[in-house]
Every structure is written in structure tokens, then in C-alpha cells.
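What follows is a set of notes on a single structure, which appears directly below.
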Amino acid sequence: MACKESGELVSFYTQADQQSQKAFNQLEHYLLQAVRNDDLILYFQPKVDLVSKKWTGAEVLLRWKHPVLGEMSNEALIHMAEQNGLIIEVGYFVLSNAIDRASEWIEFSPDFCLSINVSAKQICLPTFASKVAALLEQYELPPKNLELELTESCLVTNFEVAKSNIDTLRLLGVKFALDDFGTGYASFNYLRKLPFSALKIDKEFLTNIFDNPQDKSIFRSITNIARKLDKQVVVEGVETREQHLFISNEECDVGQGYYYAKPMPRDIFEIELQKQYPPPKNFVIR
């Protein structure tokens with residue numbers, strides 16, 4: 001297996017490799033238990049309309065607090081799940097639980113849109129569209145209130161199956177966003193072939209935007225193309241007021257990042273959301 005991945009004819013397996021593999025196997029076991037026992041935690045990071053300044057939705061992120069290993073972030077969890085084949089189970093856990101919560105929030109924020117990252121293995125699964133449709137029906141969440149975020153790498157594995165899933169869900173009303181836009185070599189090609197309604201500009205273009213004229217030019221090129229194609233522009237990684245003012249002046253649509261709010265657990269997110277959209281009297285969130 002190691003030779004296949006590295007391309008080498010011979011691969012040496014040391015004691016350090018053995019220890020590393022043992023640790024990985026233990027971690028894999030812990031993660032499997034966490035998925036099966038519903039120990040994973042969903043966090044929500046607000047997405048802010050740059051005109052109204054209100055939260056119009058949120059991106060779902062995953063956290064795992066293990067008593068021995070400590071807290072693991074969304075990126076580490078997803079990477080591990082992809083490596084050990086648990087990504088389908090983890091992905092279904094996120095979809096199911098997040099859609100369940102969002103079905104409550106739309107009662108007082110009808111246009112609230114939940115954004116969920118989808119992996120390559122998920123979108124290339126022939127039954128993916130039907131499973132998402134079943135969850136929307138089960139929890140009574142209108143398809144228009146769900147947005148699935150895909151990176152370019154999601155579409156490389158099996159484009160035809162991915163496109164079929166996207167087309168099926170798009171017909172239902174589910175929205176799609178092309179994540180990390182501008183970092184891939186074929187992003188514009190996918191934008192032409194698939195019905196994305198939003199582009200998420202990768203945070204790396206914003207990090208050095210005041211020091212790197214090239215990043216600023218690329219950023220403006222992306223926003224110009226998005227406007228001409230009638231796509232929503234979402235900018236992630238907004239951390240300072242200066243960055244916020246820049247993307248506002250560039251007429252971007254939505255901002256996301258620490259400047260507005262950090263990812264937060266469900267209970268805190270719900271309290272903050274209700275401050276912006278006071279629910280009807282006697283309304284109780286489960």
C-alpha cells in the first residue's frame with residue numbers, strides 16, 4: 001500500500017511507522033465510537049449579509065472533544081474520516097443533525113440558509129441525492145434553506161455521478177456553492193458546467209490583500225465574474241474591520257470570519273440568532 005501511494009518500488013517499515021500506525025488505528029477506533037454514540041458536536045459559524053449586517057445563515061463545522069485526545073477541529077476530523085473510510089457515516093451524521101436544527105430556526109428566520117460541506121465520497125455516492133431529499137422531508141426543511149458547499153477536488157473523482165446528484169437536488173431547490181474558489185486549476189470550468197448559485201472566495205486571497213497587489217487583482221477579477229454570472233459572492237476568513245470594509249466596498253454579498261463571529265455551539269448560536277430574529281411569542285426551540 002505504501003509503495004502504491006509513494007510510487008516507489010520498495011518501502012521500508014520502521015518501528016516508528018509501526019507506532020504511528022498503532023496510534024492511527026486507536027484514533028480510528030475512537031472516531032468510530034464517537035460517530036456511533038453521537039459524541040461529535042456541531043458548531044455553527046454565522047454568514048453575514050454585508051448590507052443588512054444580519055446573519056442570513058451559517059456554515060456547519062464539526063468538533064470532537066475526546067477525554068484523552070482533547071478537542072479536534074473540523075479539518076482534522078474530516079481528514080481522518082476520509083482516510084479511514086468513515087466519511088460517509090460522519091457526513092450523514094452532520095447532515096441529519098444540522099438539518100434537524102435548521103428546521104427549527106426557519107420558524108422565526110424564514111430565509112435562514114444552512115451551509116454544509118460535502119466530501120468527494122459523499123457527492124459521488126449514487127444514493128446521495130435521495131438520502132439528502134429524505135432528510136429534508138423527514139425534518140420538514142424546505143430545500144431552499146439548504147446549501148451544500150463543494151470544493152473542486154469533490155468533482156474530480158467521478159464527475160458524472162456528482163453532476164447527477166447536483167442536478168437532482170438543484171431541481172428540488174437545494175443551493176450549491178463552489179468553495180475555495182480561485183485556488184483550483186479548473187474552477188472556472190466547473191462554474192460553467194454546474195449550477196452553482198454562490199462562490200466562496202478562499203481566505204488566502206484576503207489575508208495579504210493589502211500587501212499583495214496580485215491577490216487584490218485576483219479578488220476583484222473573481223467578484224467581477226461572479227456579478228456577470230449572477231452568482232452570490234461569499235468571502236471567508238474576514239478577521240479585521242479593514243478587511244470587512246474592503247469586501248463591502250467591493251460589493252461582495254456575504255462575509256464570514258472571526259470579525260463577525262467565531263464558530264459556536266448550538267445553544268449559544270440559537271441565543272444569538274434569536275436576538276436578531278425575535279421568535280413568535282410562546283415559541284420554544286427543542
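Scanning the range 55-76 for residues being part of a helix (DSSP H, G or I), modelled with pLDDT of 70 or more and of a type outside the set (Asp, Glu) gives a total of 1. Of the listed requirements (1) open to solvent by 90 Å² or more (accessible area, probe 1.4 Å); (2) farther than 22 Å from Leu150 by Cα; (3) outside any helix (DSSP H, G or I); (4) at pLDDT below 95, Phe283 misses just one: (1). Condition first: surrounded by 18 or more Cβ atoms within 10 Å (Cβ to Cβ) and either assigned to a loop (DSSP other than H, G, I, E, B) or at pLDDT 75 or above (or both). Can you find one or more residues in the range 18-40 that meet it? Scanning the range 18-40 turns up at least one residue that is surrounded by 18 or more Cβ atoms within 10 Å (Cβ to Cβ) and either assigned to a loop (DSSP other than H, G, I, E, B) or at pLDDT 75 or above (or both). Among the residues of the range 248-268, those that are over 17 Å from the mean Cα position of the chain (by Cα) and farther than 21 Å from Phe188 by Cβ comprise Ser248, Asn249, Tyr259, Tyr260, Asp267, Ile268.
How many residues are open to solvent by less than 60 Å² (accessible area, probe 1.4 Å) and of a type in the set (S, T, N, Q) if we restrict to the range 201-220? Qualifying residue count, the range 201-220: 1. Counting only helices (runs of 4 or more DSSP H) wholly contained in the range 113-174, the ones carrying 1 or more residues that are touching a residue at least 24 places away in the same chain (Cβ under 8 Å), within 18 Å of Phe196 (Cα to Cα) and open to solvent by 60 Å² or more (accessible area, probe 1.4 Å) occupy 159-172. Among residues of the range 231-244 that are at positive phi, those with a Cβ under 8 angstrom from a residue that is open to solvent by 20 Å² or more (accessible area, probe 1.4 Å) and among the basic types (Lys, Arg), sequence gap 6+ or separate chain, pair up as Gly237/Lys203.
The values are calculated or read from the model by the stated rules, or taken from the named source; none is laboratory data. Please read all numbers here as calculations on a predicted model, not as lab measurements. Ideal geometry is used to build each Cβ from the backbone, glycine not excepted, and the neighbour counts take in all protein chains shown. Heads up: the accessible areas ignore ligands, DNA and RNA and are worked out on the full protein's heavy atoms, side chains in. Shrake-Rupley method; radii C 1.70, N 1.55, O 1.52, S 1.80 Å.
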